[in-house]
1. Restricting attention to segment 47-96, report how many residues are among the acidic types (Asp, Glu) and at pLDDT below 65.
2. If I filter segment 121-145 down to residues being in a strand (DSSP E or B) and in contact with a helix residue (DSSP H, G or I) (Cβ under 7 Å, 6 or more places away or on another chain), which single residue comes out as farthest from ALA33 (Cα to Cα)?
3. The conditions are (1) touching a residue at least 24 places away in the same chain (Cβ under 8 Å); (2) under 23 Å from LEU68 (Cβ atoms), and ARG160 fails exactly one of them. Which is it?
4. In segment 123-167, what residues are among the β-branched types (Val, Ile, Thr) and either closer than 28 Å to GLU96 by Cβ or within 15 Å of the chain's Cα centre (by Cα) (or both)?
5. Of all residues in segment 154-180, count the ones that are part of a loop (DSSP other than H, G, I, E, B) and surrounded by 16 or more Cβ atoms within 10 Å (Cβ to Cβ).
Amino acid sequence: MSNESRIILTAQEMELALKRIALQILEHNHSVADLAIVGIHTCGVDLAERIRKIIREQEGVDIPFGSLDITLYRDDWSIISQNPVVRTTDLSFTVEGSRLILVDDVLFTGRTIRAAMDAIMDYGRPHSIQLAVLVDRSGRELPIQADYTGMQTTVLPHERIQVLLKEHGGHDQVVIQRNS
């Protein structure tokens, strides 16, 4: 991490934000029937698993869980990398008619979410897709907004948000870094 970074969410604040998101999901949906949670690779999968665990603790029910790779659905994949890393998509439940909670770490331009919705439609037509993100950083290029947000912040053009998770060998925190 560069010297020019600042923490915007500590581990404790991240935990509280995820609990709040999970409770809002339960409140909004009134029931876990037909509810499924899908994380977008990479950090979204880990965050989705955490939200699922909170819902399980609250409701005593394991809702279906999946992971989604959107690499080849992105409209900019060839610009980002000539050799994209494609991960596994695992949707081992019926997408058709389900109420999907799509989870990602940061919402910025909306392009990742658009690609995720395109990918999901290849597996069936859900009843609805709701979006949960840990951080909404503004700067949308597409008309996409989160239904559930851990925190909202404005980031300058020369800054980026990095979500660090214990599942990836670090410790939980969200930082804003200045691009060099």
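The values are calculated or read from the model by the stated rules, or taken from the named source; none is laboratory data. Remember, predicted model here, so these are calculated numbers, not experimental data. A quick note on method: Cβ atoms are made from the backbone with ideal geometry, for glycine too, and the neighbour counts reach across all protein chains shown.
1. Looking only at that region, the number is 2.
2. Looking at the filtered set, the residue picked out is LEU134.
3. Against the list (1) touching a residue at least 24 places away in the same chain (Cβ under 8 Å); (2) under 23 Å from LEU68 (Cβ atoms), ARG160 comes up short only on (1).
4. Within segment 123-167, ILE129, VAL133, VAL135, ILE144, THR149, ILE161, VAL163 meet the criteria.
5. Qualifying residue count, segment 154-180: 3.
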